[in-house]
1. Magnitude of the Cβ-charge dipole of segment 146-245, K/R +1 and D/E -1, about the Cα centre, nearest 20 debye?
2. Note down the magnitude of the dipole of the chain about its Cα centre, charges +1 on Lys and Arg C-beta and -1 on Asp and Glu C-beta and zero elsewhere, to the nearest 20 debye.
3. Percent of accessible area on segment 99-144 owned by carbon and sulfur, 1.4 Å probe?
4. So which of 122/156; 59/122; 18/104; 16/58; 122/172 end up more than 21 Å apart by C-alpha?
5. Counting only helical runs of four or more DSSP H residues, what would the 222 nm mean residue ellipticity of the chain come to if each run contributes -39,500 (n - 2.57) and the total is spread over all its residues?
6. Which listed residue (109, 33, 87) has the Cα farthest towards the positive end of the charge dipole for the chain, taking +1 on Lys and Arg C-beta and -1 on Asp and Glu C-beta about the Cα centre?
7. Test of understanding: express the Cα radius of gyration of the chain as a ratio to 2.2 N^0.38 Å, with N the residue count.
8. Could you report the chain's accessible area per residue, 1.4 Å probe, as an integer in Å²?
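The values are calculated or read from the model by the stated rules, or taken from the named source; none is laboratory data. Keep in mind the model is a prediction, meaning the values are calculated, not measured. Cβ coordinates were reconstructed from backbone atoms using ideal geometry, including for glycine residues, and neighbour counts include every protein chain displayed. Each accessible area value is taken on the protein alone, full model and side chains, heavy atoms only, with ligands, DNA and RNA left out. Shrake-Rupley method; radii C 1.70, N 1.55, O 1.52, S 1.80 Å.
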Amino acid sequence: MGKGRQFNSYREISGKWKSMMTLAQGIGITFVVAFLFYKSIAGLLAGILIIPFWLRLKKEEKRVQYQAQMESEYKEYMMLIVASLQTGYSLERALNQAEAELKKLYPQGSILLASVHIMNQKITMNVQVEKAFDEFAKTTGLEEAASLSEIISFAKRCGGDYGRHIRETAMKIEDNISVKQEIETITTEKRLELKVMCVMPMLILAYISLTSASFIAPLYGNIVGVGLMSGCLILYGILIVIGRKIIDIKV
């Protein structure tokens, strides 16, 4: 418990630090944009749009990473449940055993472990396993957990070899998560290419500003130039969003 609290405290401090760094990055980008697109202190007003846009991009990126990590842990957790069921354990005991094994797999802390522990505590207090697992699924927000919850509820009501039904469902869900992870691996290179493509326009503009300033001088210091550069900046942001959506493949 002490180690768990220490890990949670570390994660909270790390999260706050990362939030501050993200904000600092947004402010830094605002200064770069003010210089490259407007060459004016007044261009810092663009930060009204840039900083929220940047924070939203980073928040979405963090959410995707968090979701991927949770799905990866849930995949391991399901396989632990299946392994326990195959040895002849009851579902209740299998869930408890899977929690113990999950702690060993993630000694530095797990995203899923807290929710798993709460579920097992409810089962210990005589809450029906199907109800406890359903609440666990709602807490995690994972579609795969909700699917398995429905199967557990159905199997418990109908009786019979519910262990087999749960194992078969868990294996299918595991295959689905594996496909997601394979797609994530395949698109990693494309994500890197997208990041490079997002930075290139800024680098090109910086290069021209430093080597051929007179070439783009008419774009600064006048209303027409400010309007044109603002339009380019907005289009730049739209294209970044479109690029991220293109490589966001849903399964």
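1. Values: 11 positive and 9 negative charges, 43 e Å.
Using only the charged Cβ atoms, the result is roughly 200 debye.
2. On the way: 30 positive and 24 negative charges, 148 e Å.
Value, rounded to 20: 720 debye.
3. Working: 1340 of 2580 Å².
Summing carbon and sulfur atoms, their accessible area is 52 percent of the total for segment 99-144.
4. Check vs 21 Å cut-off fails for 59/122; 18/104; 122/172.
5. -28000 deg cm²/dmol
6. In the chain, that residue is 33.
7. Relative to the 2.2 N^0.38 Å estimate, the chain comes out at 1.40.
8. 64
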